[in-house]
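Trainee: Here you go, one structure.
The values are calculated or read from the model by the stated rules, or taken from the named source; none is laboratory data. Model, not experiment: these values are computed from the prediction. Glycine also receives a Cβ, built like all others from the backbone with ideal geometry; neighbour counts cover every protein chain displayed. Accessible surface is based on the protein model in full, side chains and every heavy atom, while ligands, DNA and RNA are left aside. Shrake-Rupley method; radii C 1.70, N 1.55, O 1.52, S 1.80 Å.
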Amino acid sequence: MKSSRKYLDPQLLSKLSNMELVAKCAVEGFFSGQHPSPFHGFSVEYSEHRDYQPGDELKYLDWKVFGRSDKLYIKQFQQETNATVYILLDCSKSMSFAGEGNVTKMDYASYLAAALSYLMLGQSDSVGLYMFADRIVKQIPPHSKRKHLNAILTTLQSSSPAGRTNLAEVLHSVAESTKRRGLVVLISDLLDEQADIYSGLAHLKYLKHDVIILHTMDHQELNLDYEGLVQFEDVESDQMIRTFPHSLKEAYRSRVREYLDDIEKTAGKSGIDYCLLDTSEPLDKALIAYLAKRKRMM
Amino acid sequence: MSFTEWIFLFGAIGAAGPVLAHLLARPKFQRVPFTMLQFLRSGQIESRSRRRIKDILILLIRCLIVVLIAIMFARPRMLLNAASGNSQKVCYIGLDNSLSMSYTDGTGSLLERMKESVSDYIGSLDSDSVINICELATGQWIRGLTIDESVHAVERINISSYTAGFDDFVSVVRADAKGKYSDAEISVAVSSDFTSAVSQCFDKISEPVRVDSFEVFPIIPGVPAVNLAVTDAHVASVRNGKLKIEATVVNYGQAVQTRQLYAKTRAIKSKPLEVSLAAGQKQVVTLVLESGSNENMLIVPIEVELVEGDGIEGDDKYYLAASVNSGMGHNVLLAGNSYDETFLLKTAFETLSGMDMYENASLKQVDYNDLSGIDIGQYDIIMFSSIGKVLEGVADDLESFVQTGGRIVFFLTGECDSTAVKALWAKDILPALPGERLSKSTHIQAFSTSSAVSSSIGSDDPISQSLLNYEMDRVQVSDYYKLDCHSQGECLWALESGDGFVCSKELGKGKTVIVNTSVDDSAGTLMKSNACLAFCAFLLGNEAKVEEYSFRLDERVRIPASDMELRNADRTDFQVYNCDGQMSTVRVSDSFLVLNDVHGTGWVKTLTSPTRWAGVNLCAGETDMTALTMDQIENAAGNAFVAGFDEKIQMDKSSADFRYKPLWKYFAWVLVVLLLLEITAANTMKR
């Protein structure tokens, strides 16, 4: 395996070969593909009829309807197109966290980004990668060529976690820079102010992007399974707290549960797909389960 | 700020302990990088720098605690600036309401003048002053008054018979100045007539109290004081139904005074005698009360009174209660080297016992060899035919015998033992010390010239008369001692050579007599003569036994309990009338009804029949109106209070009366707060 292909696991790829990730809503593309297009025309799938307007091409007139009703109607078809996929990967310092025996969240997210890129490029979709912390630190514009995967993998491998998270700023920035509607896949631990996150996501949804949140969390972050006197030191700041975590475990879990529930509910209300991924679980299992679920919902 | 026990400040070195502990005993913990600190307790999240600050803070708190403990042990205090203007103003006013303040002259009574003077003073005080008034004679305090209340309180003050006392007043001011009002501005004012009694009270105060201001208001008669007082009286003798009362009259005024003095009981009154005294002069006046019978008398109340008033009426009367028990007991022990030696005395006594007044007398002869086995306490009179060596061994017993009312007669012979004489002289038993033995002849002085003897027996007494009729100067004395009379002894009868023949001395309640000749020599001559009975009676004595119940106000009054009261000695509900006529409950102690407070001067009497009395009189010198000069007053008052805050104070800060404010309480509160802070901080930081 080439060193740039660290995050491209063949086993995972083999399992993804039968899966497809399709946009729920219409996406704008140049080429025909698997995703619904907002444009009508060249496709074979009927969409609707509309009144004839001067200047319409006569070949789209439904002559059968004209014969029966003596009225001119234009027959429209749903265009199917390829999608532009924007993978937003959080590479802030908090993504470097790894519980005992686990991979870091960054590695886990990189595997995920690589797998998704592979999958989408296989569907002739354009895939772009945005790596961010408090701002976008690396950006690979969307492209649909297969060799584009190499660029993505190289970028993933050369990146290391640094900086604080400023998700809202990043989401606003992405929303303003994207020219076409597409599929936005946010891979992050979402450790930022919730209100700011929701604001950024709302901006993306306003621009009619299909948004998927892949929330990567470490098992320790979810469960706080530490023993004895522990001094927790924040990886993004110099904050610290010295405590016996065992005594705080229940309250902590409760607070985290509330937090995750809130994100899931808010995302659900906005039509955003939300998937919590525990880095202690195998990536393929989690990803395949999510893609299968998404396919069922389409 | 200064420290009483500054040595404890070295304890502050202990602050090094927490520093070392902080450096050495850092807690062990696991460092874990983490991302979701906000989901742990939010209040516990802190920065590393803040953590470091907290660590230093808790270390400082612990060091401070150690330092504070050291400071508290060193007892910090602060010398207050007496000139501080914002402090509370507290005024203590001591008002003399003793009897001398009742002195009245043309300008009114001293008490009224004192009230006016003090009311003016109170009016000049700041309106927010807290005023405390003390009645110096009764010791009563009225505290926490406003100006109006104080003026009314002063108006209500009355005269008390008690002497003004300053101990309580000074001690209360001292305690308040150091405690309750340590921050306040304290002013003290004392108003009194500043008699010698008051001056003596000031002299007793060992350490003056330092206050912010001190004023005295001497209330002194405008014209020379006129006051005569009966200061003492007692029954001198009781004979043939006559009570001789010796009363002491003192001119406590500043001018010559002539007054009449008499004594009276409830039934009889003596003939008034005129007394004329210069200023400060004292005179003992003898008054005779004809009781009309020679029988024993129970306690009778006798009042000795000066006629007509002067400046103070309260000291013109003296209350004396007396009980008379005529004639001593005549249970006689004759001790000598042999029975023959005391034969003449025995014969004379047996003759005497045939007379009415000696009909209950009894006599026992004893040899010196058997003396140690005799209980001398059962006898009233002991006669020793000589001072033999055996008396040395019983000197202590003889002393207690005389002290308790016994009478001893010593005869002197050639065998006078010097060691026994020394032992008896050392115990103050002998009325005269036998010196050189003189082997020459002389005669006894004629009895008629011996006023001492006539006064001892009574010149109108039949026995005395027979002795007077005998030609005493015919009795020759050929072998006698040169007697050196005791300083408290008295030569009752002398020889023509000038040496003493009979000397006597009182000791305790009893009396001792020494006869400067042997029983069978010159005294024997007397014994064999017609004067035998008279001389024997003279030696035995014929004094009536008088018990007096006269007390001063500062003494505890004791009235002999009746048989009924003695039977129920454990009861405490026996009632007596006090001097003010009110009844009070008393208890029986050691065969006496004991009263602690009799409410002034006058009579205390029992409710039982026959009534028993006790007289209660003023304390000595209470109404002495001899005026002190202003310098003397200021010097006397300076013993109690010192005003101001001068350099002398600064130089001698160790004096107990400087107003140091103790600061340990404030340090204690800071310590408590720091301890709570430390506990909270340590708990929060898990250190």
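Trainee: So which pairs qualify, if the first residue must be in the stretch B:560-573 and in contact (Cβ under 8 Å) with a residue 12 or more places away in the chain, the second must be open to solvent by 70 Å² or more (accessible area, probe 1.4 Å), the Cβ gap must be under 7 Å, and the two must be at least 6 apart or on different chains?
Mentor: Within 7 Å, the pairs are B:THR572/B:THR585; B:THR572/B:ARG587; B:ASP573/B:THR585.
Trainee: Another question, then. Looking only at the stretch A:253-287, count how many residues are more than 30 Å from A:LYS208 (Cβ to Cβ), away from chain B (no Cβ under 11 Å) and of a type outside the set (D, E, K, R).
Mentor: 3
Residue-wise test of (1) closer than 30 Å to B:VAL173 by Cβ; (2) within 14 Å of chain A (Cβ to nearest Cβ); (3) modelled with pLDDT of 85 or more.
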residue: B:ARG51; (1), (2), (3): no, yes, no
residue: B:ILE61; (1), (2), (3): no, no, yes
residue: B:VAL67; (1), (2), (3): no, no, yes
residue: B:MET72; (1), (2), (3): yes, no, yes
residue: B:SER87; (1), (2), (3): yes, no, no
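Trainee: Ok, one more. Just the residues that are closer than 17 Å to B:VAL275 by Cβ and modelled with pLDDT under 90, please, taken from the stretch B:237-250.
Mentor: B:LYS244, B:ILE245, B:GLU246
Trainee: For the stretch A:223-252, name all the residues that are more than 7 Å from every other protein chain (Cβ to nearest Cβ) and open to solvent by 60 Å² or more (accessible area, probe 1.4 Å). Can you show your working first?
Mentor: Here is the first cut: in the stretch A:223-252, the residues more than 7 Å from every other protein chain (Cβ to nearest Cβ) are A:223-225, A:227, A:236-237, A:244-247, A:249-251.
Matches in the stretch A:223-252: A:ASP225, A:GLU227, A:PHE244, A:HIS246, A:SER247, A:GLU250.
Trainee: A:GLU221 versus (1) in contact with a strand residue (DSSP E or B) (Cβ under 7 Å, 6 or more places away or on another chain); (2) outside any loop (DSSP other than H, G, I, E, B); (3) more than 17 Å from A:LYS265 (Cβ to Cβ): which is the lone unmet condition?
Mentor: Going through (1) in contact with a strand residue (DSSP E or B) (Cβ under 7 Å, 6 or more places away or on another chain); (2) outside any loop (DSSP other than H, G, I, E, B); (3) more than 17 Å from A:LYS265 (Cβ to Cβ) one by one, A:GLU221 breaks only (1).
Trainee: Under 9 Å between Cβ atoms, at least 6 apart or on separate chains: pull out the pairs that start in the stretch B:586-598 with a residue that is under 18 Å from B:SER550 (Cβ atoms) and part of a loop (DSSP other than H, G, I, E, B) and end on any residue that is charged (D, E, K, R) and modelled with pLDDT of 80 or more.
Mentor: These pairs meet every condition: B:ASN596/B:ARG556; B:VAL598/B:ASP580.
Trainee: Just the residues that are of a type in the set (Gly, Ala, Ser), out of contact with any helix residue (DSSP H, G or I) (no Cβ under 6 Å at 6 or more places or on another chain), part of a helix (DSSP H, G or I) and at pLDDT 90 or above, please, taken from the stretch B:401-432. Lay out the reasoning, then the answer.
Mentor: Initial filter on the stretch B:401-432 (of a type in the set (Gly, Ala, Ser)): B:405-406, B:414, B:418, B:420, B:423, B:426, B:432.
Add one more test, that the residue is out of contact with any helix residue (DSSP H, G or I) (no Cβ under 6 Å at 6 or more places or on another chain), and what stays is B:405-406, B:414, B:418, B:426, B:432.
Filter once more, so that each one left must be part of a helix (DSSP H, G or I): B:418, B:426.
Answer for the stretch B:401-432, where residues must be of a type in the set (Gly, Ala, Ser), out of contact with any helix residue (DSSP H, G or I) (no Cβ under 6 Å at 6 or more places or on another chain), part of a helix (DSSP H, G or I) and at pLDDT 90 or above: just B:ALA426.
Trainee: Being open to solvent by 40 Å² or more (accessible area, probe 1.4 Å) and hydroxyl-bearing (Ser, Thr, Tyr) is true for just one of A:TYR86, A:TYR111. Which residue is that?
Mentor: Just one listed residue meets the conditions, A:TYR111.
Trainee: Among (1) of a type outside the set (Gly, Ala, Ser); (2) closer than 20 Å to B:THR351 by Cα; (3) in contact with an Asp or Glu (Cβ under 6 Å, 6 or more places away or on another chain), which single condition is B:PHE535 missing?
Mentor: Every listed condition holds for B:PHE535 apart from (3).
Trainee: Taking B:CYS579 as meeting all but one of (1) modelled with pLDDT under 75; (2) in a loop (DSSP other than H, G, I, E, B); (3) under 26 Å from B:VAL230 (Cα atoms), write down the number of the exception.
Mentor: B:CYS579 satisfies every listed condition except (1).
Trainee: Could you please give the count of residues in the stretch B:601-618 that are open to solvent by 10 Å² or more (accessible area, probe 1.4 Å) and under 22 Å from B:ALA263 (Cβ atoms)?
Mentor: 8
Trainee: Is at least one residue of the stretch A:166-183 closer than 14 Å to A:MET131 by Cα, in the same structural domain as A:MET131 (by TED's automatic domain parsing), hydrophobic (A, V, I, L, M, F, W, C) and not in a helix (DSSP H, G or I)?
Mentor: no
Yes/no per residue for (1) outside any strand (DSSP E or B); (2) of a type in the set (Lys, Arg):
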residue: A:LYS75; (1), (2): no, yes
residue: A:ASN102; (1), (2): yes, no
residue: A:TYR111; (1), (2): yes, no
residue: A:ALA114; (1), (2): yes, no
residue: A:TYR130; (1), (2): no, no
residue: A:ALA151; (1), (2): yes, no
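Trainee: Then there's this: Within the stretch A:194-220, can you find the residues that are under 27 Å from A:LEU156 (Cβ atoms), at pLDDT below 90 and charged (D, E, K, R)?
Mentor: Within the stretch A:194-220, A:ASP196, A:LYS205, A:ASP210 meet the criteria.
Trainee: Tell me which strands (runs of 3 or more DSSP E) are completely within the stretch B:121-234 and hold 3 or more residues being surrounded by 21 or more Cβ atoms within 10 Å (Cβ to Cβ), or say none if there are none.
Mentor: Once the strands (runs of 3 or more DSSP E) in the stretch B:121-234 are filtered for at least 3 residues that are surrounded by 21 or more Cβ atoms within 10 Å (Cβ to Cβ), what remains is B:130-135, B:185-192, B:209-211.
Trainee: Looking at (1) in contact (Cβ under 8 Å) with a residue 24 or more places away in the chain; (2) surrounded by fewer than 21 Cβ atoms within 10 Å (Cβ to Cβ), which one does A:ALA267 not meet, given that it meets all the others?
Mentor: Result: A:ALA267 passes all but (2).
Trainee: Out of the residues in the stretch A:242-285 meeting the condition of being at pLDDT 85 or above and part of a strand (DSSP E or B), tell me which one is farthest from B:THR35 (Cα to Cα).
Mentor: Here the answer is A:ASP273.
Trainee: Another question, then. Before we move on, is A:ALA292 more than 14 Å from every other protein chain (Cβ to nearest Cβ), touching a residue at least 40 places away in the same chain (Cβ under 8 Å) and open to solvent by 10 Å² or more (accessible area, probe 1.4 Å)?
Mentor: When the stated conditions are applied, A:ALA292 passes them.
Trainee: Within the stretch B:583-630, can you find the residues that are closer than 23 Å to B:ALA569 by Cα and polar (S, T, N, Q)?
Mentor: Result: B:SER584, B:THR585, B:SER589, B:SER591, B:ASN596, B:THR606, B:THR608, B:SER609, B:THR611.
Trainee: So in the stretch A:205-222, with the set limited to residues that are open to solvent by 30 Å² or more (accessible area, probe 1.4 Å), touching a residue at least 60 places away in the same chain (Cβ under 8 Å) and on the phi < 0 side of the Ramachandran plot, which one is farthest from the other protein chains (Cβ to nearest Cβ)?
Mentor: Per the stated criteria, the residue is A:LYS205.
Trainee: Further question: Just checking, does the stretch A:272-288 include any residue being basic (Lys, Arg), surrounded by 14 or more Cβ atoms within 10 Å (Cβ to Cβ) and either in the same structural domain as A:ILE87 (by TED's automatic domain parsing) or farther than 30 Å from A:GLY128 by Cα (or both)?
Mentor: No, that holds for no residue.
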